[in-house]
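Data block below; observations after.
The values are calculated or read from the model by the stated rules, or taken from the named source; none is laboratory data. Values in this document were obtained by computation on a predicted structure and should not be read as measured data. Glycine gets a Cβ as well: all are built from the backbone with ideal geometry, and neighbour counts include every protein chain shown.
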Amino acid sequence: MNAQPVTEKILVTGADGQLGQALVPVLRARGYEVITPTYQELDLTVLDQIRDKIVSLRPAWVVNCAAYTQVDEAESEPELSYRINRDAVGQLAQALGSYGGRLLQLSTDYVFDGHHYQPYREDDQASPLSVYGRSKWEGEELARAYRPDTIIVRTAWLYGIAGRNFVKTILRLACERQHLRVVDDQLGTPTCTASLSHALADLLDQALAGTYHYTDEGVASWYDLAVATVEEGRRAGFPVKAQRIEPVPTQAFPRPAPRPAFSLLSKAKIRSLLSFTIPHWRESLTTMLRDLKRCDSC
Ligand SMILES: NC(=O)c1ccc[n+]([C@@H]2O[C@H](COP(=O)([O-])OP(=O)(O)OC[C@H]3O[C@@H](n4cnc5c(N)ncnc54)[C@H](OP(=O)(O)O)[C@@H]3O)[C@@H](O)[C@H]2O)c1
């Protein structure tokens, strides 16, 4: 058996998710050999099979885009959330450590409690409010413990052409209804999976290690994002009906999982490592909606 990992072979978990679908073509375009086991081929709930699968495939990197991402459902299914977001991450890190493979683990702004007034830095104290946030934080901790050279990338408010996300939901509702109500007292940065994918590829290209924050530039509430989605969606040619978007407080939509009220992530550490200028969220949104319309019309 080979003692070294196969150079430049990257295994992407969750390749059918919204980030995975954006990332895989970016990595292939940069010349990586990318393997994308299906959920059935690498089910992260089956912990005792993870090691054998990883060791038999021997990727140089695993980019772990798979996760239990249903934030509200996690409150009533904590065991499943911890199994996928914490225990499976530990298994991946241990398996990779057995032959010198590396892990890039995706994490989230939900590891913070949102009580800050300035963008969170990578070394700020984690203090998750929800089961999802805690399970992702403990996953980070296991990855760092078993594989100290893990790259951890925390991101936030993801949307993209593929998969389910807030932007696509608002666009659909705006094409069906005249009036929408959207929360305006949570702040963060909408982040397109397209720009995040290039940031991840840049970190892989440089084989860096450590924790990094990446989001697009700027700040918005969910209400701001909804308004922009409706405006840019209409401009892109979607049959938008919505005439009124009403800002409402978080309490108007009670949810099982508390959300951080302030989710901005500082990009000071990552900025100089990137091969591109981080786009403003509104610019990314405009591009994404135009591309979505083009796909829609194909
Ligand atoms: N979405 C956000 O706003 C956001 C914000 C911050 C951080 N993140 C992090 O970014 C990463 C990517 O998120 P995303 O939005 O792309 O998530 P996503 O669209 O929900 O994709 C997650 C993927 O993981 C797969 N998966 C779930 N359980 C699995 C299992 N047991 N075994 C194998 N695969 C499994 C899912 O398959 P099925 O679809 O078949 O279940 C899906 O393909 C995650 O680590 C997430 O925590 C996301």
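Restricting to segment 13-30, and then to whatever is among the small types (Gly, Ala, Ser) and in contact with a helix residue (DSSP H, G or I) (Cβ under 8 Å, 6 or more places away or on another chain), can you tell me which residue is surrounded by the fewest Cβ atoms within 10 Å (Cβ to Cβ)?
Ala15
Tell me, which residue of segment 140-176 that is in a strand (DSSP E or B) and hydrophobic (A, V, I, L, M, F, W, C) is farthest from Ala268 (Cα to Cα)?
Leu158
Could you pull out the residue among Thr169, Thr150, Thr108 that is within 15 Å of the ligand (Cβ to nearest atom), more than 19 Å from Thr189 (Cα to Cα) and among the polar types (S, T, N, Q)?
Thr150
Filter segment 119-139 for residues that are in a loop (DSSP other than H, G, I, E, B) and among the polar types (S, T, N, Q); which is farthest from the ligand (Cβ to nearest atom)?
Gln125
Which of the residues spanning segment 268-298 are part of a loop (DSSP other than H, G, I, E, B), free of Cβ contacts under 8 Å to residues at least 60 places away in the same chain and closer than 12 Å to Glu217 by Cα? So that I can check it myself, show each step before the final result.
Here is the first cut: in segment 268-298, the ones part of a loop (DSSP other than H, G, I, E, B) are 272-279, 298.
Right, trim to free of Cβ contacts under 8 Å to residues at least 60 places away in the same chain and you get 272, 277, 298.
Across segment 268-298, the qualifying residue is only Thr277.
What's the total number of residues in segment 30-50 that are in a helix (DSSP H, G or I) and either modelled with pLDDT of 95 or more or closer than 22 Å to Thr108 by Cα (or both)?
Step one: of segment 30-50, the residues in a helix (DSSP H, G or I) are 47-50.
Subset that is either modelled with pLDDT of 95 or more or closer than 22 Å to Thr108 by Cα (or both): 50.
Residues flagged as in a helix (DSSP H, G or I) and either modelled with pLDDT of 95 or more or closer than 22 Å to Thr108 by Cα (or both) within segment 30-50 amount to 1.
Checking Cys175 against (1) closer than 20 Å to Leu19 by Cβ; (2) surrounded by fewer than 17 Cβ atoms within 10 Å (Cβ to Cβ), which test does it fail?
(1)
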